[in-house]
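The structure appears below as structure tokens.
The values are calculated or read from the model by the stated rules, or taken from the named source; none is laboratory data. These figures come from a predicted structure and were not determined experimentally. Using ideal geometry, Cβ is built from the backbone for each residue, glycine included, and neighbour counts are taken over all protein chains shown. Protein only, heavy atoms only, side chains kept; ligands, DNA and RNA dropped before computing areas. Shrake-Rupley method; radii C 1.70, N 1.55, O 1.52, S 1.80 Å.
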Amino acid sequence: MYRFLLTPRWWGINVFVALGVPFCLLMGSWQLGRFEARVESHQEQQRDEDAHASQAAEPLERLLPVTKETSGRLATATGHYENDQLLVPDRRLDDKTGFYVLTLLRTDGGKALPVVRGWLPGDADTAADRARVPAPTRGEVTVTGALQASENQGTDGAHAAGGLRQGQVGMISAASLVNLVPYPVHNAWITLPEGETPGALRAVPPAAVEGTGLDVKAFQNLGYTGEWFVFAGFFLFMWFRLLRREVEAQRDIALGLLPEQTESSASAPPQQQTEPAQERTEPPQEQADSTGARP
């Protein structure tokens with residue numbers, strides 16, 4: 001009954017399923033591995049944050065360039081705040097929308113270090129909200145904060161398209177700031193911790209290193225894992241369904257149950273019958289006599 005499995009049609013189906021199921025399982029396992037790696041990196045990051053909090057601050061120059069190991073470390077820098085104070089709009093903190101207050105610290109080396117002095121709720125376009133921003137400290141200052149890598153287009157809340165008002169910047173990066181100030185800028189920034197933010201400003205917690213932590217991409221990997229495993233089950237389900245249909249068809253043939261005629265053959269118009277044309281016989285014409293009179 002199962003000899004049909006050796007037909008070319010079923011050879012193709014079997015090979016397709018035999019390759020498709022392991023491929024789906026392999027892709028699902030790979031996505032699951034990526035999710036587990038992000039979970040491990042998130043746990044490692046939590047441990048690093050606790051370790052960074054207990055470590056002493058180091059000079060900024062020792063921690064540059066920013067890497068996964070130096071991101072979040074406490075960095076200290078000495079200089080004076082420039083008059084170029086910028087607002088970074090559409091930044092969320094505790095499920096509230098507000099803006100960062102970014103001030104450039106001109107260090108002794110000549111480069112400026114972007115310093116996020118804190119966060120304020122409100123709209124950066126509103127004059128009343130801008131008036132609540134405290135002025136930076138004048139003279140030489142020494143700041144200590146968590147070192148952060150430059151933002152990019154994938155950062156939450158970042159505006160890379162422009163169109164912002166004067167005195168605003170959409171992304172904290174050297175590439176964005178170099179066009180706004182006439183001096184070089186470090187390719188990094190720091191956020192001041194709680195207790196060092198002036199006035200009503202709230203401290204901005206350091207962001208997770210890109211590619212680590214339980215972010216949206218991590219849960220996307222988990223969703224893709226489920227999808228690939230569902231695809232593998234779908235391959236097997238369709239194969240068993242086709243097999244069952246074929247077995248039932250073979251059983252019906254063995255029992256002599258012929259399949260019904262197709263509708264096309266049943267609905268074909270009957271062939272018109274042609275009757276043989278009957279020979280027309282006309283009575284013989286009576287011959288007239290010589291006088292033209294009929295008998």
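For this structure, a couple of remarks:
- Positions within region 138-192 being out of contact with any Pro (no Cβ under 8 Å at 6 or more places or on another chain), part of a loop (DSSP other than H, G, I, E, B) and open to solvent by 80 Å² or more (accessible area, probe 1.4 Å), in sequence order: Arg138, Gln153, Asp156, Ala161, Gly163, Arg165, Gln166, Asn179, Leu180, Pro182
Matching residues to (1) at pLDDT 90 or above; (2) over 18 Å from Pro114 (Cβ atoms):
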position: Gly139; (1), (2): yes, yes
position: Gln168; (1), (2): yes, no
position: Leu177; (1), (2): yes, no
position: Gly213; (1), (2): no, yes
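- Tally of residues being at pLDDT below 90 and of a type in the set (Phe, Trp, Tyr) across region 67-119: 0
- Test: residue in region 193-207 that is in contact with a strand residue (DSSP E or B) (Cβ under 6 Å, 6 or more places away or on another chain) and open to solvent by 70 Å² or more (accessible area, probe 1.4 Å): yes
- Residue ID - nearest to Asp156 (Cα to Cα), chosen from residues in region 68-80 that are open to solvent by less than 20 Å² (accessible area, probe 1.4 Å) and assigned to a strand (DSSP E or B): Ala75
- Note on region 7-66: among residues that are in contact with a Leu (Cβ under 8 Å, 6 or more places away or on another chain), at pLDDT 85 or above and polar (S, T, N, Q), the one that is most open to solvent (accessible area, probe 1.4 Å) is Asn14.
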